[in-house]
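**Q** Supplied in structure tokens, the structure appears directly below.
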Amino acid sequence: MSNVLLIGNGAREHAIAEAILRSRHEPRLFSYMKSNNPGIASLSEKVVIGDYSNFENIKKFAKEWNIDFAIIGPEDPLDNGVVDFLQELNIPCVGPTKSLARLETSKSFTRDLVKKYNIPGNPKFETFSSMEGISDFLDGLEGIVIKPDGLTGGKGVRVQGDHFQTKEEALEYCREILAEHPLVIIDEKLEGEEFSLQCLCDGKTVVATPPVQDHKRRFVDDKGPNTGGMGSYSSEDHSLPFMSLDDVAEGLAITQKVAEAIFKETGEYYKGVMYGGFIITKNGVKLLEYNARFGDPEAMNTLPLLKTDFIDICNAIIEGTLGNIPIEFEKKATVCKYIVPKGYGLPEDHPDAKSTSSKIEVGDVGTAKLYYASVDKREDGLYMSTSRAIGVVGIADNLDAAEQIAEKAISAIKGPVAHRPDIGTGKLIEKRIRHMKEIKGVEG
Ligand code: GLY
């Protein structure tokens, strides 16, 4: 039997908790959350609510329940060094140390590593610690992407054409970043279709999970502001309709080389999830960024399909024996759509933007899976906050059927909610396929 400590309180961690409890090892789940997630709480033997930086609190909880190993869901505790802390207490972790979590927390670390070890995938990029040279570099780019070197909750990246238009605006944003951060990273903007490839890694072996496409924009047809992710889908053939299995293999090959480079660079094995955000361009697969954890919502697409015992996988990651176990996923399609409060993502001055603490009623959701994010279970029912509320996941033999399962379930959730009805539909997927053909210059 394993006593597992799960750190995190989102829908991603709800999916992780479910994968843990499906294990034949009959694990006991202990969850440390920033705020109570009733979905995770219902699966946990014991819950502590506390700050991710309160290591003494985490230690007390872990010692009290003789934790065998910990899984860290979000990036903040990884960046705080919770893995280093737990390892000092002889509690192994699925999740990288603070230094290796730089894969996500320092965009410059990753770009420089990929460059140094001649790994394919980097776009044209440069890192600056002052404004010197930025103007000249911008002149040589066809499109510009600007990022601060640090965690910004997905809100720091600005893309020319979406968030700003002119070179002057680009320079102004660089100035803003450098006033707060030591480095600014400027990438050439790439055109193509994006996919997420979450890879399991024990430091030596890297195993890809089925690729997923996320939808960051708030509104139908990819309109509106970027969000934490409004939903995502994956296909039954473990590719995506606009890409080939060769593209998946390319993403995996890059990630394998990066895992090797991390070891050469630091002498430490990366243990956890290497989630590559890739884009398929006319020049092949390029790396947008890495995250040092499962994706949210992407974890909700992949973990429910896992056929291999998740506790066996965690133990193999910790022991460095991932190469010894076959890791299998159901050949099913999945569509995840986030239920959000109506005001989510609206401009602050919009009358609906401030909707808080609204009650929702969940009726018969059929075979769909529900993963709670930011919801509060009170005596009289379920309440939303201002963030994403519930990930609704349809799983079926094909995308159409999975999308319908998700939509039917969503129609049974009543209250001041919104979602993106277009995610996973044939119409949107056709658009992605057409876009990819245009990018690659293919007729028809
Ligand atoms: N899907 C975006 C993220 O997990 O960061």
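The values are calculated or read from the model by the stated rules, or taken from the named source; none is laboratory data. Please read these numbers as outputs of a predicted model, since none were measured by experiment. Here the Cβ is made from the backbone with ideal geometry for all residues, glycine too, and neighbour counts use every protein chain on show. Keep in mind that these areas ignore ligands, DNA and RNA; they rest on the heavy atoms of the full protein, side chains included. Shrake-Rupley method; radii C 1.70, N 1.55, O 1.52, S 1.80 Å.
**Q** Distance between the C-alpha centers of the range 253-281 and the range 121-141? Whole Å please.
**A** Cα centroid of the range 253-281 versus Cα centroid of the range 121-141: 24 Å apart.
**Q** Okay, next question. Give, as ranges by residue number, the residues of the range 128-145 whose backbone N falls under 14 Å from the point 7 Å along Cα→Cβ of HIS181.
**A** The answer is 128-130, 145.
**Q** What length, rounded to one decimal in nm, is gained on full extension from ASP221 through to GLU64, with 0.36 nm per residue of separation minus their alpha-carbon distance?
**A** Using 0.36 nm per residue and subtracting the Cα-Cα distance, I get 51.6 nm.
**Q** Next question, about the same structure. I need the Kirkwood Rh of the range 74-219: take the reciprocal of the average 1/r across all distinct C-alpha pairs and report it in angstrom.
**A** 17.2 Å
**Q** Go ahead and run the numbers for FRET between GLU191 and GLU268, Cβ-Cβ distance against an R0 of 25 Å, rounding to 0.05.
**A** Rounded to the nearest 0.05, the efficiency is 0.10.
**Q** Can you compute the modelled spin-label distance between ASP349 and LYS440, with each label point 7 Å from Cα toward Cβ, in nm?
**A** Going by the 7 Å Cα→Cβ label model, 4.6 nm.
**Q** Next up: Sequence neighbours fewer than 8 away in the same chain don't count; with that in mind, list the lysines whose C-alpha is under 25 Å from LYS377.
**A** Cross-link targets: LYS34, LYS46, LYS337, LYS342, LYS354, LYS359, LYS369, LYS408, LYS414.
**Q** Regarding the range 8-118, what's the average projected area of the Cα-atom convex hull, expressed in nm²?
**A** One quarter of the hull surface, i.e. the mean projection, equals 7.8 nm².
**Q** Now for a separate question. Just need log10 I(q)/I(0) for the range 194-337 at q = 0.09, 0.18 Å⁻¹, Debye formula, equal scatterers on the alpha-carbon atoms, no solvent, rounded to two decimals.
**A** -0.27, -1.06
**Q** Oh, and also: Could you give the length gained on full extension between LYS307 and THR321, defined as 0.36 nm per residue of separation minus the Cα-Cα distance, in nm?
**A** Here the segment from LYS307 to THR321 would lengthen by 3.2 nm.
**Q** Here is a further query. Quote the relative contact order of the chain in percent (integer), defining contacts as alpha-carbon pairs under 8 Å separated by 6+ residues.
**A** Result for the chain is 16 percent.
**Q** Okay, next question. Kindly identify the range 128-198 as rounded, prolate or oblate by the Cα gyration tensor criterion: order the square roots of the eigenvalues as a ≥ b ≥ c, call it rounded if a/c is under 1.5, otherwise compare a/b with b/c, prolate if a/b is larger, else oblate.
**A** oblate
**Q** Something else about it: Which parts of the range 130-174 would a label at THR281 reach, counting a residue when its backbone N lies under 14 Å from a point 7 Å out along Cα-to-Cβ?
**A** What the label zone holds, given the 14 Å backbone N cut-off, is 140-146, 160.
**Q** Put a dot 7 Å past each Cα toward the Cβ at ASP364 and SER135; how far apart are the dots in nm?
**A** Calculated label separation equals 6.8 nm.
**Q** Identify which of MET230, MET384, MET131 has the largest mean-square fluctuation in a Gaussian network model of the chain, with springs joining Cα atoms closer than 10 Å.
**A** Judging by the Gaussian network model, the answer is MET131.
**Q** In the range 268-336, if the dipole is taken from +1 on Lys/Arg beta carbons and -1 on Asp/Glu beta carbons about the Cα centre, which of THR334, PHE310, GLY320 is farthest to the positive end?
**A** Of the listed residues, the answer is THR334.
**Q** If you stretched the chain out fully between ALA412 and ASN36, how much longer would it get, using 0.36 nm times the residue separation minus the C-alpha to C-alpha distance?
**A** Residue separation times 0.36 nm, minus the Cα-Cα distance, leaves 133.0 nm.
**Q** Something else: Taking every Cα atom in the range 1-51, find the radius of gyration and the maximum pairwise distance Dmax, and write them in Å.
**A** Expressed in Å, the Cα Rg and Dmax of the range 1-51 come to 9.9, 32.
**Q** Between ILE49 and THR152, what is the label-point separation in nm under the 7 Å Cα-to-beta-carbon projection?
**A** Each label point lies 7 Å from its Cα, and together they span 3.2 nm.
**Q** Work out the length of the dipole vector of the chain about its Cα centre, built from +1 on the beta-carbon of each Lys and Arg and -1 on the beta-carbon of each Asp and Glu, and round it to the nearest 20 debye.
**A** 580 debye
**Q** Next up: Where is the GNM fluctuation largest for the chain (alpha-carbon springs, 10 angstrom cutoff): ASN118, ASN324, ASN283?
**A** Looking only at ASN118, ASN324, ASN283, the biggest GNM fluctuation is shown by ASN324.
**Q** Still on this structure, I have one more. Evaluate the relative contact order of the range 121-230 (contact order divided by residue number), counting alpha-carbon pairs under 8 angstrom at least 6 apart; express in whole percent.
**A** Computed over the range 121-230, the figure is 25 percent.
**Q** Still on this structure, please answer the following. Under Stokes-Einstein, with the Kirkwood radius over Cα pairs standing in for Rh, what whole-number D in µm²/s applies to the range 261-347 at 10 °C and 1.306 mPa s?
**A** For these conditions, the coefficient is 98 µm²/s.
**Q** Per DSSP helix of 4 or more residues, -39500 (n - 2.57); summed, then divided by the residues of the chain. What does that give at 222 nm, rounded to the nearest 500?
**A** -9000 deg cm²/dmol
**Q** Now for a separate question. Comparing ASP400, ASP246, ASP68, which has the greatest mean-square fluctuation in the GNM of the chain with Cα pairs linked when under 10 Å apart?
**A** Among ASP400, ASP246, ASP68, the largest mean-square fluctuation in the Gaussian network model of the chain belongs to ASP246.
**Q** Quick one: P(r) of the chain from all Cα-Cα pairs, 10 Å bins, percents rounded to integers, in order of increasing distance.
**A** Per 10 Å bin, starting at 0, the Cα pair percentages come out as 4, 21, 32, 29, 13, 2, 0.
**Q** Zone of ASP112 (label point 7 Å along Cα→Cβ, backbone N under 14 Å): which residues in the range 186-207?
**A** Only 186 pass the distance filter.
**Q** Now a separate question. For TYR344, TYR270, give me the order by solvent-accessible area with a 1.4 Å probe, most accessible first, ignoring ligands, DNA and RNA.
**A** Correct descending sequence by accessible area is TYR344, TYR270.
**Q** Evaluate the relative contact order of the range 330-430 (contact order divided by residue number), counting alpha-carbon pairs under 8 angstrom at least 6 apart; express in whole percent.
**A** 39 percent
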